[in-house]
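**Student:** Could you have a look at this structure, given as structure tokens, before my questions?
The values are calculated or read from the model by the stated rules, or taken from the named source; none is laboratory data. These figures come from a predicted structure and were not determined experimentally. Virtual Cβ from ideal backbone geometry, glycine too; neighbours counted across all protein chains shown. Ligands, DNA and RNA are stripped out before the accessible areas are found, and what is left, the full protein with its side chains, is counted by its heavy atoms. Shrake-Rupley method; radii C 1.70, N 1.55, O 1.52, S 1.80 Å.
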Amino acid sequence: YTGGSFDFKTCVFLTTDAGRTWTNTGLPSKAGRVWTLFANGPDLFAGGDGGYFFLSTNNGMTWSQLGRIPTVSIRSFDTIGTILFVGTYRQGIFRSTDSGKSWTAINNGIQYDSTLGGYESINALTSIGTILFAGAVLRSTDSGASWTGANSGLMQGGVYALAVIGTNLFAADNSFGV
């Protein structure tokens, strides 16, 4: 799968032949610009501008809207069990415990930056077991109820990617690499 936007049209494409050809999956246009895709088992989530969340359970053939957080741009997804988490552009982190029907801000312990007019963008979310990590790097051991810094030794700058291999966490920022 690859997300993208051209001329502000919504596009999520699927290839089944190792990238030789691509097919538009038909994500509804109200999804806006797609910033993130997240696969969890057979489920594919898409999020983007306008705070819309969409789910496909059949390889992108059809999409259903899960919910919406108005005025939010969705930048990242993760799950722990059946709990969904999203990172946003300057609005912090949100959690859903009802399959995406409703969302609650979970920003306790995340520093609000008045010069940015919000929180640092959460462009990456990942987990190791029940520990959730968010770009910047922040750590939560209680499903996002509270956050603490976990960035000792990282350079200053926004974290744009997180990855896990076993119990090892990798972070890439926007100016200093991995």
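**Student:** Here are the criteria: (1) more than 23 Å from residue 160 (Cα to Cα); (2) among the acidic types (Asp, Glu); (3) in a strand (DSSP E or B). Tell me which single one residue 98 does not satisfy.
**Tutor:** (3) is the only condition that residue 98 fails.
**Student:** Mind checking which pairs have a first residue in the range 41-59 that is touching a residue at least 60 places away in the same chain (Cβ under 8 Å) and a second that is assigned to a strand (DSSP E or B) and surrounded by 13 or more Cβ atoms within 10 Å (Cβ to Cβ), Cβ under 8 Å, 6 or more apart or different chains?
**Tutor:** Taking only residues 6 or more apart or on different chains, not a single pair turns up.
**Student:** Wholly within the range 1-43, which strands (runs of 3 or more DSSP E) include no fewer than the required count, namely at least 2 residues that are aromatic (Phe, Trp, Tyr) and modelled with pLDDT of 75 or more? Talk me through it step by step, then tell me what you get.
**Tutor:** Details: elements: 2-6, 9-14, 34-40.
Where strands (runs of 3 or more DSSP E) fall fully within the range 1-43 and carry at least 2 residues being aromatic (Phe, Trp, Tyr) and modelled with pLDDT of 75 or more, they are 34-40.
**Student:** Right, something else. Output yes when any residue across the range 112-119 is surrounded by fewer than 21 Cβ atoms within 10 Å (Cβ to Cβ) and either farther than 26 Å from residue 150 by Cα or within 11 Å of the chain's Cα centre (by Cα) (or both), and no when none is.
**Tutor:** Within the range 112-119, none of the residues are surrounded by fewer than 21 Cβ atoms within 10 Å (Cβ to Cβ) and either farther than 26 Å from residue 150 by Cα or within 11 Å of the chain's Cα centre (by Cα) (or both).
**Student:** Another question, then. Looking only at residues in the range 64-81 that are open to solvent by less than 40 Å² (accessible area, probe 1.4 Å) and either in contact with a Pro (Cβ under 6 Å, 6 or more places away or on another chain) or assigned to a loop (DSSP other than H, G, I, E, B) (or both), which one is modelled with the highest pLDDT?
**Tutor:** Step one: of the range 64-81, the residues open to solvent by less than 40 Å² (accessible area, probe 1.4 Å) are 66-67, 69, 72-74, 76-80.
Keeping just the survivors that are either in contact with a Pro (Cβ under 6 Å, 6 or more places away or on another chain) or assigned to a loop (DSSP other than H, G, I, E, B) (or both) gives 69, 72-73.
Working: 69: 85, 72: 82, 73: 89.
Ranking the qualifying residues of the range 64-81, first place goes to 73.
**Student:** Restricting to the range 49-63, what's the tally of residues that are outside any helix (DSSP H, G or I) and on the phi > 0 side of the Ramachandran plot?
**Tutor:** Here the count works out to 2.
**Student:** Another one. Scanning the range 157-178 for residues that are in a loop (DSSP other than H, G, I, E, B) and modelled with pLDDT under 90, which turns out surrounded by the most Cβ atoms within 10 Å (Cβ to Cβ)? Spell out the reasoning first.
**Tutor:** From the range 157-178, those in a loop (DSSP other than H, G, I, E, B) are 157-158, 166-167, 174-176, 178; that's our starting set.
So of that shortlist, the ones also modelled with pLDDT under 90 come out as 157-158, 174-176, 178.
Details: 157: 12, 158: 14, 174: 12, 175: 9, 176: 11, 178: 8.
Here the residue is 158.
**Student:** Tell me, yes or no, whether the range 130-143 has at least one residue that is surrounded by fewer than 19 Cβ atoms within 10 Å (Cβ to Cβ), hydroxyl-bearing (Ser, Thr, Tyr) and at positive phi.
**Tutor:** Yes: the range 130-143 contains one or more residues that are surrounded by fewer than 19 Cβ atoms within 10 Å (Cβ to Cβ), hydroxyl-bearing (Ser, Thr, Tyr) and at positive phi.
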